[in-house]
Each structure stands twice: as C-alpha cells, then as structure tokens.
Amino acid sequence: MLNDFYQNLDPVAFSIGPIAVRWYGIAYVLGFVFAGLLMSRLAKRWNLRFNSDVLLTIICCALIGLMVGARLGYCLFYGNGEYLRDPLQILAVNQGGMSFHGGLIGALIGGIAAAKLTGIPYLTLADMGAIAAPIGLFLGRCANFVNGELWGDFTDLPWGVVFGGAAGELPRHPSQLYEALLEGVLLFCILYALSRKLPPRPRGTFIGVFLTCYGVFRFLIEFVRQPDAQLGYLWGGWLTMGQVLSAPLVVAGIVILVYAVKKKLPQMGLPDEPQAE
C-alpha cells in the first residue's frame, strides 16, 4: 500500500511557467513558518518580551546559519574530498545535498548572532528553537520520501518501497518516514510536553533533550538506512557517517542537561519597555 502511494507522488508540487516549485522547498518554508508561530506561542507562555522585529531577527539569523551550515557540512562530511579539489562546486547546490548536522551547527552559530541582536539569553533561544525544530525535521523527511532519496536497506516487510533509479527495483525500508516519525513527531511530543510546565524549565533543558534524543534516534535509524554511496560504511564496516556525527550530539546533550539541572537558570526575555510618563 505504501509503495503504491509512493509511485503516485511527484517531487514537483506545481509549476509556474518554467519555474518548478518542489515539495522540498515548500517543506523548508513551512518549517520556518510553523517554527515562528510556535516560538511566538512559547514566548507568551514563558512571559518573554517578544515582538515581530525580534522574531524576524531570530528567523533570519537561524535561516542563514542553517542554509550555509547545511551546505558546508555536506561538502565537508559527505564530499569525500571532492569539494576540496574543486571548491567552486560548493556553490552548485543543485548538485549534492545538505547535511542536518552541518545545518544544526550553522543554526546554533546563527543563534549567537540573534542573542546579541535581541538581548535574549542564548540558551533561551536555543531552547525555543529546539522545540520548534522537529516540525521542520518532519516536513523535511517527508520531502526526502517524496524525492525518493536517502532510502533504507532492502526489506521484505509489507511497507517496503521500490524507489527505482539508483535504489534499484527491490523494496527498501522507507527510512525517511522512520526519521519523520521519531525525529519529528515523537521528539516534538516530548519537547512540547516538557514546555507545558510553568514556571518554564531551566535554560538549556530543551536543547539538551533535543540533542540527546535526536542523536539516539538518528543513530538507531542508520542501521536500516543505506549509507552514502561515496562513503559506504566506516570503521570496521558497520558505522555510517550519520552515526559518527550523531554520537557526539548525545554526549553534548547530556552535558547541557547536567549543566541546566545544576545551574537552574530561568528563561529570560527582553527587558520591559519604559512606560510613558
């Protein structure tokens, strides 16, 4: 049934003249739109000073950091030296892909700029972004499925999908949907449930939970996901690059959680505006 559904999908959502609008691009846009709406809701719940200018600043910094980091991360982690030999290929975004781990690093760096520009503590911004991020992950993994990329290993399970092309004509695990459910739906439910507590949990709690859970989920899913063809399996023939990059996230997440528990710093926003006399 899932295979029949996939065979009727088109990566192009619609076309306007010569311009083809793809589901992958729509997923990126919707991810940031929903993230902005959720962050605004969180700001009200946490009693943070949050206006449209602040939100736009945060989104712009995160977007630039994510896009640049995702592309550079792919070239560095998955390029197998190709982009070092021809650096101009880094700009050819229509050839090659984007790396989540690179995008995460870029978004976190962009958050530093946003914190300085808005005056909101960095860990508060990171926490808000962590709660919103699974929405974008869910949409992005669904778009990967529609595109027929990042497929899994061969399977005889009833929900196996024949992706065709380089994937061959045998059914494979729809690992994109596994990631959408774990890294998207489940992780969002965990983080959103934690965010419902008032007063808010200490600064760093949510980014710590996000890094830990994402790292564990991604590490496990990589066992049924086909490794990148140019790299194959690493370190004895059983680890993938995705697992190598995800393991440090678990460690970093645990360290941040320990810091959050010990410090118990409150979530803080912008100072109140002065009242008119």
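The values are calculated or read from the model by the stated rules, or taken from the named source; none is laboratory data. Predicted model, so just to flag it, every value in this text is computed and none were measured. Positions of Cβ are backbone-derived with ideal geometry, glycine not excepted, and every protein chain shown enters the neighbour counts. Heads up: the accessible areas ignore ligands, DNA and RNA and are worked out on the full protein's heavy atoms, side chains in. Shrake-Rupley method; radii C 1.70, N 1.55, O 1.52, S 1.80 Å.
One table, with the values for the structure above:
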item	result
Simple Cβ-charge dipole of the chain, Lys/Arg +1 and Asp/Glu -1, about Cα centre, in debye nearest 20	1120
Label-point separation in nm, Val261 to Leu117, each point 7 Å along Cα→Cβ	3.6
Acute angle (nearest 10 degrees) that the helix 241-263 long axis makes with the longest principal axis of the chain, alpha-carbon atoms	20
In sequence order, calculated HN-Hα J values of the range 221-227 (Karplus, 6.51, -1.76, 1.60; Hz; x Gly/Pro)	5, 4, 5, 10, 9, 5, x
Gain in span if fully extended, Ile254 to Arg41, counting 0.36 nm per residue against the direct Cα distance	74.0 nm
Order by protection proxy (mean Cβ within 10 Å, highest first), peptides 236-243, 128-135	128-135, 236-243
The chain, Rg to Rh (Cα coordinates; Rh as Kirkwood inverse mean 1/r)	0.99
Accessible area in square angstrom per residue, the range 1-84, 1.4 angstrom probe	61
Longest exposed-site-free window of the chain, the sites being trypsin sites (Lys or Arg not before Pro) in a DSSP loop that have at most 10 other C-beta atoms within 10 Å	1-195
Estimated vicinal HN-Hα couplings, Hz - the range 171-188 in sequence order (Karplus 6.51, -1.76, 1.60; Gly, Pro = x)	x, 10, 4, x, 4, 4, 6, 4, 5, 4, 6, 7, 6, x, 5, 5, 5, 5
In nm, spacing of pseudo-spin labels at Leu198 and Trp159 (7 Å Cα→C-beta vector)	3.7
Acute angle (nearest 10 degrees) that the helix 23-45 long axis makes with the longest principal axis of the chain, alpha-carbon atoms	20
Placed amide H near Arg172: partners under 5 Å, 5+ positions off or other chain	Thr155, Val161, Val162, Phe163
Whole-number percent relative contact order across the range 131-277, with pairs defined as alpha carbons under 8 Å at least 6 apart	24
Whole-Å semi-axes of the range 5-67's equivalent ellipsoid (Cα gyration tensor)	32, 14, 9
Solvent exposure, largest accessible area first (probe 1.4 Å, DNA, RNA and ligands not counted), of Cys189, Cys142	Cys189, Cys142
Radius of gyration and Dmax over the Cα atoms of the range 26-100, both given in Å	16.4, 51
Cβ charges +1 (Lys, Arg) and -1 (Asp, Glu), total dipole of the range 1-155, debye	640
Whole-percent pair-distance distribution, where bins are 5 Å wide, for the alpha carbons of the range 25-155	2, 10, 18, 21, 17, 13, 9, 6, 3, 1, 0
Placed amide H near Leu239: partners under 5 Å, 5+ positions off or other chain	Leu234
Under-5 Å amide H pairs with Arg225, H placed in peptide plane, nonlocal only	Asp153
Where Rh is the Kirkwood radius over Cα pairs, Rg/Rh for the range 178-277	1.17
Assigned charges on the beta-carbon of Lys, Arg, Asp, Glu; the range 127-267 dipole about Cα centre (debye)	1020
